[in-house]
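Working notes for the structure below.
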Amino acid sequence: MGRIIGILGGGQLAQMLCESGEKSGHKTIVLDPSGDACGGKVADEFYRAKYTEREILKKIAERASVITYEFENIPRETVEIIENFGGRVPQSYRPLYLSQHRIREKKAVEKLNIPLGKYQGVRTYLDLQRAIESVGYPGILKSATGGYDGKGQWVIENEENFRALDFQEGEYIYEEKIDLEREVSILVGRSLNGQMVMFPVAENIHRDGILRKTIVPAHISKDEERELKNYGLKIMEGLNFYGILCMEFFIGKDGRILFNEMAPRPHNSHHYTLDSCQYSQFDLLIKAILGEELEEPKLYFPVIMLNILGEDRKKIENKNFPENWKIKLYGKTPWKPGRKMGHINIIGETLEEIEEEINKFWREDE
């Protein structure tokens, strides 16, 4: 029988969750403060309200069978209010609590003996000096909270960069800058029945801090794949999380595999699952929070996912793309540089064949 899935947040991840729910015979309720939220346009019910508006949260708690979230910055108060009204949030607030703060996140994973790059918390200019002495150059200074797609981050390559930095006291983390071979992400699902599965490893290419391309299967060895899977299952079980968890890892040129960060929600890097696996990350989240049996995901064919950003509008308009280019636009306005407006999953016989098509139809100089 169909259930009612409550979703906190109304962006494109909520939009695709609603579409997954409809496909499975479920109804959806979306809450978002913006009246133009693209997830709200496809939900069965949409509430435009603040995340702390008690009367609306009471309605959602009473109406929804289960409630999930589509981005990290949902306030603790929101989950507490819902639970106090008898609402069911199977993932609970703890995954948000950890992922909302980079130092908490690192410490939680470190306790599980998962390898990390060197890091140190920073509040003052003196703290930053000491962190640089301890961690060394090059490094990356990041806001401990907030920030995404490269925002709230400063690369410090040397003493000159450090001296030129307009530092304002606050809460930061200074991290070792890894000499990267590649960056990858994994997504693990854990059902309320305890069963865990993982999608194939995704290889990610960023530009200006924004994910531009995801390649699956990733260019990694079988040993690296096994190690990543072991880390992913260990983190999911060790932190006692349910639902889904996406984890980003660095693979260094020195062979080290190091945890970077995590997100307890659907993730941009796993949109490829919509068109290349027997079910998607959105299907997996719904199955997991409803306590259903999980089938181990399979990759049916190679795929490359391209993000469509605001500056890509001319590339997408008035073009006839091949049938194997699965284009998904989120319906956002306006088209602004750096804003994620959609994505394309390109499937093919080989990754080489797909790259040839990308060079033909999606030139970076357009």
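What are the residues in the range 188-219 that are part of a loop (DSSP other than H, G, I, E, B) and either surrounded by fewer than 18 Cβ atoms within 10 Å (Cβ to Cβ) or without any contact (Cβ under 8 Å) to a residue 24 or more places away in the chain (or both), if any?
192, 193, 194, 195, 208, 209, 217, 219
What are the residues in the range 41-96 that are in contact with a Ser or Thr (Cβ under 6 Å, 6 or more places away or on another chain) and among the aromatic types (Phe, Trp, Tyr), if any?
Selection gives 51 alone.
If I ask for residues that are charged (D, E, K, R) and over 16 Å from residue 83 (Cβ atoms), which ones from the range 56-71 would you list?
70
From 250, 259, which residue is open to solvent by 10 Å² or more (accessible area, probe 1.4 Å), among the aromatic types (Phe, Trp, Tyr), over 22 Å from residue 293 (Cβ atoms) and under 19 Å from the mean Cα position of the chain (by Cα)? Can you show your working first?
Numbers: 259 fails: open to solvent by 10 Å² or more (accessible area, probe 1.4 Å).
Within the list 250, 259, the selection yields 250.
The values are calculated or read from the model by the stated rules, or taken from the named source; none is laboratory data. Worth saying up front: this structure is predicted, and the values here are computed from it rather than measured. Every residue, glycine among them, receives a Cβ derived from its backbone with ideal geometry; neighbour counts consider all protein chains shown. Quick note on the areas: whole protein, heavy atoms, side chains included, nothing else; ligands and nucleic acids left out. Shrake-Rupley method; radii C 1.70, N 1.55, O 1.52, S 1.80 Å.
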